[in-house]
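Enquirer: Below: one structure in structure tokens.
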Amino acid sequence: MFANIKTVTFQGIDASIVDTQVQISKGLCCFNIVGLPDKVVAESKERIRSAFSAIGLSFPDGRITVNLAPADLQKEGSHFDLPITLGIMCCMGIISEDDIANFVAIGELSLDGSISKVAGALPTAILASSLHMGLICPFQSGGEAAWASDIEIIAPKSLIALLNHFKGTQILDHPKPVLESDSSQDDTNSSFSSKCFSDVKGQFMAKRALEIAAHGGHHVLMIGQPGSGKSMLASRLITILPDLTPQESLELTMIYSIAGEIKNGLITKRPFRDPHYNASLVSIVGGGMKAKPGELSLAHRGVLFLDELPEFQRQTIESLRQPLETGYVIVARANSHIKYPAKPQIIAAMNPCKCGYFGDPMRECGRTNKCQKEYLSKLSGPLIERIDIQIDVPKVEFKDLVSSEVQPTSREIKEKIISSRKFQKQRMTKNGFPDNLLNYELPNQLLKDSSNITNTAEKFLNDYANKKNISARSYFKIIKIARSVADLAHSDSISDIHLKEAIGYKLM
């Protein structure tokens with residue numbers, strides 16, 4: 001007796017097909033799972049035995065062998081319970097192999113025979129769709145999986161419900177696509193939806209810098225004394241970013257699905273992640289026993305706020321170099337490399353020195369220069385150079401703090417960003433350039449070809465570059481920032497005014 005059921009294993013956010021080959025033969029009663037299963041997969045034997053007993057089925061006598069092919073690929077996760085169970089049932093004649101031949105199955109079994117939610121339902125559904133197959137998944141994962149269009153999805157709550165569906169005595173409805181509820185997404189975004197840019201008093205240059213960053217997707221480093229409003233500013237950047245596109249929502253949901261952090265369905269709001277500076281390298285970059293995505297990937301297409309940047313471990317800070325340039329992270333395993341998307345907007349904040357009051361004549365400590373030098377030495381030049389915008393956030397003046405002047409709201413600024421991004425797309429399309437990249441993502445050659453710098457502005461930039469002896473990376477980052485400044489002004493060309501403002505955002 002032999003059966004073959006399709007399931008998956010995950011490599012990053014990509015799902016790969018695994019054949020669950022089940023054979024029941026004569027011999028001593030034993031249950032073996034081979035094909036590089038991890039401990040969770042190996043423990044499925046006990047869950048399956050208990051589930052059989054709970055629904056009133058006798059577990060088969062004889063030698064049960066389960067091979068997860070390809071055998072040289074590591075198999076991790078509890079979602080192998082259901083396909084192994086279906087394979088055993090096929091061998092016993094309880095269900096027909098024809099019934100499940102065109103399905104991919106995932107699901108974890110409980111001891112009472114119910115089918116529990118598992119991570120990775122959306123990537124699995126997308127893979128099944130590409131193979132023109134259906135999906136059998138837990139009921140709780142159905143709303144997430146249903147976003148993969150044009151596939152048949154069976155989402156039972158228990159083994160009994162699934163068996164009755166195959167027998168025709170109970171018809172399971174096709175699950176409907178579900179959006180993450182506002183409350184659950186507020187949890188993901190640390191509940192910043194109720195905050196507004198109009199709450200910020202003063203700090204006009206910092207707010208202007210974040211406006212430019214929101215348009216072009218630029219990374220920002222804010223340097224200022226404790227209490228100057230750096231965290232407050234960073235928490236409000238998420239409120240002025242345009243909404244996720246459908247493609248971005250799917251991509252982000254796949255990451256959260258693999259991480260096991262999906263609560264209901266499709267994620268439609270940009271994430272805001274703010275890990276503590278004691279966070280480990282693995283928690284930021286990703287990895288661990290199951291190579292889960294880290295904060296860099298969980299903040300994909302959103303904001304990753306790193307407060308007290310120099311207090312993070314040196315190794316953790318330096319690990320930001322690759323994603324800042326490439327937009328992805330690679331987690332190295334013993335026998336494979338796993339790639340996760342990582343395109344967050346990194347907003348970092350730090351004090352000017354260890355005590356925090358460098359430059360303040362009223363509170364400056366007695367070892368100012370040494371204090372600042374030791375503090376800044378924790379950040380390498382190559383890392384700082386990769387951060388587009390670097391701004392000083394001074395102490396808020398008392399007159400600004402008590403001012404009743406009406407400030408622009410997040411909604412007003414967001415509408416301005418949406419308008420400037422629309423202008424950018426039209427400008428790129430009109431000139432025959434790709435229109436799907438933000439300014440910070442533009443390759444250097446495409447940047448020069450599409451930026452339309454005036455002769456006066458180009459001469460000014462070249463003179464500045466020669467005088468300051470800046471690197472090629474800094475040269476192009478200035479152009480990218482200037483292009484964002486020009487887009488906000490709906491200007492087709494970059495003038496020297498735009499370049500001068502861009503240069504003002506490079507402190508280091």
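Enquirer: Let's test the formula: R0 of 25 Å, r as the Cβ-Cβ distance of CYS30 and ALA71. What FRET efficiency results, to the nearest 0.05?
Expert: On the way: r = 19 Å, r/R0 = 0.75.
Plugging the Cβ-Cβ distance into 1/(1 + (r/R0)^6) gives 0.85.
Enquirer: From the cross-link list LYS422/LYS480; LYS378/LYS448; LYS343/LYS506; LYS378/LYS506; LYS395/LYS500; LYS414/LYS477, which pairs have alpha carbons spaced over 28 Å apart?
Expert: Details: LYS422/LYS480 17 Å; LYS378/LYS448 34 Å; LYS343/LYS506 22 Å; LYS378/LYS506 19 Å; LYS395/LYS500 24 Å; LYS414/LYS477 24 Å.
In this structure, LYS378/LYS448 exceed 28 Å between Cα atoms.
Enquirer: Skipping prolines and chain starts, which residues have an amide H placed within reach, meaning under 5 Å, of the one on LEU266, given they are 5 or more residues away or on another chain?
Expert: Amide H to amide H, under 5 Å and 5 or more residues apart or across chains, LEU266 pairs with VAL178, LEU179, GLU180.
Enquirer: So, one more: List the lysines whose Cα lies under 30 Å from the Cα of LYS45, skipping any in the same chain that are fewer than 8 positions away.
Expert: Filter leaves LYS6, LYS26, LYS75, LYS117, LYS157, LYS167, LYS263, LYS290, LYS292.
Enquirer: Which distance in nm do the two modelled labels at ARG314 and ASP449 give, with both placed 7 Å along the Cα-to-Cβ direction?
Expert: 4.2
Enquirer: Let me ask something else about it. Let me see the pair-distance distribution of the chain: every alpha carbon pair, 20 Å bin width, integer percents in order.
Expert: 21, 44, 25, 9, 0
Enquirer: Exactly which GluC sites (Glu not before Pro) in the range 42-149 are in a DSSP loop and have at most 16 other Cβ atoms within 10 Å?
Expert: GLU43
Enquirer: What does the net charge come to around VAL178 if you take all other residues with beta carbon closer than 12 Å to its beta carbon, with K and R at +1 and D and E at -1?
Expert: Details: positive: LYS176, LYS263; negative: GLU144, GLU180.
Cβ neighbours under 12 Å give a net charge of 0.
Enquirer: Suppose only helical runs count, i.e. DSSP H with n ≥ 4. What mean residue ellipticity at 222 nm does that imply for the chain under -39500 (n - 2.57) per run, divided by all residues and rounded to the nearest 500 deg cm²/dmol?
Expert: Counting only the DSSP helices, I get -11000 deg cm²/dmol.
Enquirer: Further, regarding this structure: Going by amide H atoms built from the backbone, whose H comes under 5 Å of the H on ILE494, apart from near neighbours?
Expert: So ILE494 has HN proximity to ILE453, THR454.
Enquirer: Here is a further query. Among residues other than ALA128 whose Cβ falls under 14 Å from its Cβ, what is the net charge (Lys/Arg +1, Asp/Glu -1)?
Expert: Working: positive: LYS6; negative: ASP14, GLU144, ASP150, GLU152.
Net charge around ALA128: -3.
Enquirer: Rounded to the nearest 0.05, what FRET efficiency do GLU415 and GLU261 have when you use their Cβ-Cβ distance and R0 = 41 Å?
Expert: With a Förster radius of 41 Å, E is 0.85.
Enquirer: Which ³J(HN,Hα) values in Hz, rounded to whole numbers, follow from the phi angles of the range 10-25 under the Karplus curve 6.51 cos²θ - 1.76 cosθ + 1.60, where θ = phi - 60° and Gly and Pro get x?
Expert: Computed from phi, the couplings for the range 10-25 are 10, 10, x, 8, 9, 9, 10, 5, 10, 8, 8, 8, 10, 10, 10, 10 Hz.
Enquirer: Just tell me, in residue order, which DSSP H segments of the chain are both 24 angstrom or longer along the helix axis (alpha-carbon based) and at least -0.5 in mean Kyte-Doolittle hydropathy.
Expert: Working: long enough: 410-430 (30 Å, -1.52); 472-488 (25 Å, 0.38).
Counting only whole DSSP H runs, the qualifying helices are 472-488.
Enquirer: Note down the nm distance, to one decimal, between modelled labels 7 Å out along Cα→Cβ at ASP19 and at LYS430.
Expert: The two pseudo-label positions are separated by 5.8 nm.
Enquirer: So if the hydrodynamic radius of the range 32-95 is defined as the Kirkwood radius over C-alpha pairs, what does Stokes-Einstein give as its diffusion coefficient at 20 °C and 1.002 mPa s, in µm² per second?
Expert: Values: Rh = 12.2 Å.
Translational diffusion coefficient: 175 µm²/s.
Enquirer: Rank-order 251-260, 14-23, 169-178 by packing density, defined as the average count of other C-beta atoms within 10 Å over each peptide's residues, highest first. Provide the component values of the computation, followed by the final result.
Expert: Numbers: 251-260: 22.9, 14-23: 18.7, 169-178: 12.6.
The packing order, highest mean first, is 251-260, 14-23, 169-178.
Enquirer: List the residues whose amide H sits under 5 Å from the amide H of SER116, counting only those 5 or more places along or on another chain, with H placed 1.01 Å from N in the peptide plane.
Expert: So SER116 has HN proximity to GLU108, LEU109, SER110.
Enquirer: Starting from the Cα gyration tensor of the range 392-479, take the square roots of the eigenvalues, sort them a ≥ b ≥ c, and report rounded, prolate or oblate (rounded when a/c is under 1.5, otherwise prolate if a/b is larger than b/c, else oblate). Mind showing how you got there, number by number?
Expert: Values: a/c = 2.84, a/b = 1.36, b/c = 2.09.
Verdict is oblate for the range 392-479.
Enquirer: Which of the three applies to the range 358-508, rounded, prolate or oblate, going by the alpha-carbon gyration tensor with a ≥ b ≥ c and a/c under 1.5 meaning rounded? Working shown, then result.
Expert: Numbers: a/c = 2.31, a/b = 1.37, b/c = 1.68.
Oblate, since a/c reaches 1.5 and b/c is not below a/b.
Enquirer: Just the number please: accessible area per residue for the chain, 1.4 Å probe, all protein chains included, in Å².
Expert: Values: 22340 Å² over 508 residues.
Ligands and nucleic acids excluded, the figure is 44 Å² per residue.
Enquirer: Calculate what fraction, in whole %, of the accessible area of the chain sits on carbon and sulfur atoms when a 1.4 Å probe is rolled over the protein chains. Present the calculation step by step, with values, prior to reporting the outcome.
Expert: Numbers: 11490 of 22340 Å².
Heavy-atom surface of the chain belonging to carbon and sulfur, 1.4 Å probe: 51 percent.
Enquirer: Something else about it: How much length would be gained if the chain were fully extended between ASN466 and TYR277, taking 0.36 nm per residue of separation minus their Cα-Cα distance, in nm to one decimal? Don't jump to the answer; show the numbers that get you there.
Expert: On the way: separation 189, 0.36 × 189 = 68.04 nm, distance 3.77 nm.
This chain segment gains 64.3 nm when fully extended.
Enquirer: On to the next question. Could you work out how far apart the two model spin labels at LYS422 and SER58 are, taking each label as a point 7 Å from the Cα in the direction of the beta carbon, and quote it in nm?
Expert: Calculated label separation equals 7.1 nm.
The values are calculated or read from the model by the stated rules, or taken from the named source; none is laboratory data. Worth saying up front: this structure is predicted, and the values here are computed from it rather than measured. A quick note on method: Cβ atoms are made from the backbone with ideal geometry, for glycine too, and the neighbour counts reach across all protein chains shown. Heavy atoms of the whole protein, side chains included, go into the accessibility calculation; ligands, DNA and RNA do not. Shrake-Rupley method; radii C 1.70, N 1.55, O 1.52, S 1.80 Å.
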